[in-house]
1. Can you confirm whether THR254 is surrounded by fewer than 24 Cβ atoms within 10 Å (Cβ to Cβ) and either over 14 Å from LEU141 (Cβ atoms) or out of contact with any His (no Cβ under 7 Å at 6 or more places or on another chain) (or both)?
2. Give the residues of region 229-251 that are open to solvent by 20 Å² or more (accessible area, probe 1.4 Å), in contact with a strand residue (DSSP E or B) (Cβ under 8 Å, 6 or more places away or on another chain) and hydroxyl-bearing (Ser, Thr, Tyr), sorted by residue number.
3. Can you go through GLY280, GLY271, GLY262, GLY215 and tell me which one is modelled with pLDDT of 95 or more and closer than 18 Å to ASN87 by Cβ?
4. Output the number of residues of region 63-79 satisfying the condition of being in a loop (DSSP other than H, G, I, E, B), without any contact (Cβ under 8 Å) to a residue 60 or more places away in the chain and either open to solvent by 40 Å² or more (accessible area, probe 1.4 Å) or more than 28 Å from LEU156 (Cβ to Cβ) (or both).
5. Can you tell me which residue in region 18-34 is surrounded by the fewest Cβ atoms within 10 Å (Cβ to Cβ), limited to those that are touching a residue at least 40 places away in the same chain (Cβ under 8 Å) and in contact with a helix residue (DSSP H, G or I) (Cβ under 6 Å, 6 or more places away or on another chain)?
6. Does LEU122 satisfy being at pLDDT 95 or above, open to solvent by 40 Å² or more (accessible area, probe 1.4 Å), part of a helix (DSSP H, G or I) and more than 22 Å from PHE3 (Cα to Cα)?
7. Among the residues of region 5-51, how many are modelled with pLDDT of 95 or more and under 21 Å from LEU114 (Cβ atoms)?
8. When both residues are 6+ apart or on different chains and their Cβ atoms are under 9 Å apart, which pairs have a first residue that lies in region 238-256 and is of a type in the set (D, E, K, R), and a second that is open to solvent by less than 10 Å² (accessible area, probe 1.4 Å) and in a loop (DSSP other than H, G, I, E, B)?
Amino acid sequence: MPFQTGLIGWPLGHSVSPAMHNAAFAALGLEGRYDALPVAPEEVAALVHSLPMRGYRGVNVTIPHKQAVMPLMDDLSDAARAIGAVNTVIVERFSKSLSAEAASNDLGNRFTVLCGDNTDWLGFLHPLEARGFELAGKSALLLGAGGSARAVAYALAMRGVSQLAIWNRTPDRAAELAHHVAALAPALTIHQFTNSPFPISHFPFDLIVNTTPVGMWPNADASPWPDDLPFPPGALVYDLVYRPEETRFLRQATAAGCATQGGLAMLVAQGAAAFEMWTGLNPPMDVMLAAAAAALRS
């Protein structure tokens, strides 16, 4: 049976996910396909419930459906529960255990389980681990408090950062995320800020992560970081935005002498983790990265 997979979201625009997943299938010689499946919010439940019958092994989920699909799942991973969002659905089939009578009546699609997981936090961690950046005991500043911030905060908490500062324009969102993270890691010291300038003088952060869409194409001239605010010396600056590959935020950090990390590697790593969940195989991440980069540049 082919590995039929895809991405659900609304709208999807020019997603690079089909390019990188289909490149992985080709590189491994697998009969597989990854489709873009744009679906409006009012139709997402019907599409998710139809996945087994349509032959899908699994799908990725992007905005605005990451929370909406949660109650549609038969099971959720610990990460999905803790983050409060699903970005990967695995279709588990149990038709082999059916009786001959049930099999002859083609009831196999009833004996499936939709498992919701979240690989965003693993994708976030992969580039850090690849460059040998240890998070344990570090101090981190998180820009934003939305869905992406929840996945990053979960990753930071799981890897033992000692201090986490959250900056967000909306105080309630920052407070909600702080409360959420405190429940995950009671020993973690958490600070909340809602006004610029960021509290650099009080906290010499080791890691600064932009989880907001500020600087994303087509508004590539924007940055979440004020021009007149210095970066902490020696900080690693990480932008989840991957379109463009080098954002203005990262250019500011480079000019200040900071190491930087773009978001494309995270996109590829979270996709690779999902690919392994669907197929049981480790995909060639270099092939996926090259295909994603080529799709972006085209």
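1. So THR254 passes the test.
2. Answer for region 229-251, where residues must be open to solvent by 20 Å² or more (accessible area, probe 1.4 Å), in contact with a strand residue (DSSP E or B) (Cβ under 8 Å, 6 or more places away or on another chain) and hydroxyl-bearing (Ser, Thr, Tyr): there is none.
3. Every option except GLY271 fails the conditions.
4. Within region 63-79, residues that are in a loop (DSSP other than H, G, I, E, B), without any contact (Cβ under 8 Å) to a residue 60 or more places away in the chain and either open to solvent by 40 Å² or more (accessible area, probe 1.4 Å) or more than 28 Å from LEU156 (Cβ to Cβ) (or both) number 3.
5. ALA27
6. Yes, satisfied.
7. Number satisfying all stated conditions: 28.
8. ASP239/GLY215; ASP239/THR247; ASP239/GLY263; ARG243/VAL16; ARG243/GLY263; GLU245/GLY263; ARG248/GLY215; ARG248/TRP225
The values are calculated or read from the model by the stated rules, or taken from the named source; none is laboratory data. All figures in this text were calculated on a predicted structure; none of them were measured in a lab. Ideal geometry is used to build each Cβ from the backbone, glycine not excepted, and the neighbour counts take in all protein chains shown. Side chains included, ligands, DNA and RNA excluded: accessible areas come from the protein's heavy atoms. Shrake-Rupley method; radii C 1.70, N 1.55, O 1.52, S 1.80 Å.
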